[in-house]
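First up is the structure itself, then whatever we jot down about it.
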């Protein structure tokens, strides 16, 4: 599987707010918030369900990764989506280990793999906190 996903009883808006707070509390930052529903409405006049893409980063892990290989930035930041799926709110992480697996020829891959596992474990725990 390419993702780690959970369902929450929170609305998409509240889930994004809580997730953002929990990320910050755990040394992660939200670099961008992309409101897909709003963009599709504005640009294409299409109605779509609530769908938000978060680009998230742990500065310490990012610095360590970039110190190993500057091309590590090609798979940064991590992506989390929060969306409405037939009335249920889902949160999905594109697994950092999967993202890195596409770059197995990259110098320092073994060291970067350890960082990807660390990032993924941390993000999984934060996503699990959203089930409340």
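FYI, it's all coordinate maths here, none of it is from the lab. What you are looking at is a predicted structure, and each value in this text was computed from that prediction instead of being measured. Positions of Cβ are backbone-derived with ideal geometry, glycine not excepted, and every protein chain shown enters the neighbour counts.
When 67, 113, 104 are checked against the criterion of being free of Cβ contacts under 8 Å to residues at least 60 places away in the same chain, part of a loop (DSSP other than H, G, I, E, B), at negative phi and out of contact with any strand residue (DSSP E or B) (no Cβ under 9 Å at 6 or more places or on another chain), a single residue qualifies: 104. When region 5-49 is examined, which residues are found to be under 15 Å from residue 129 (Cβ atoms), in contact with a strand residue (DSSP E or B) (Cβ under 7 Å, 6 or more places away or on another chain) and in a helix (DSSP H, G or I)? Within region 5-49, 15, 16, 19, 20, 23 qualify.
Scanning region 48-64 for residues that are without any contact (Cβ under 8 Å) to a residue 24 or more places away in the chain and over 16 Å from residue 111 (Cα atoms) turns up just one, 48. Quick one: would you say residue 111 is out of contact with any helix residue (DSSP H, G or I) (no Cβ under 7 Å at 6 or more places or on another chain) and surrounded by fewer than 21 Cβ atoms within 10 Å (Cβ to Cβ)? In short, no.
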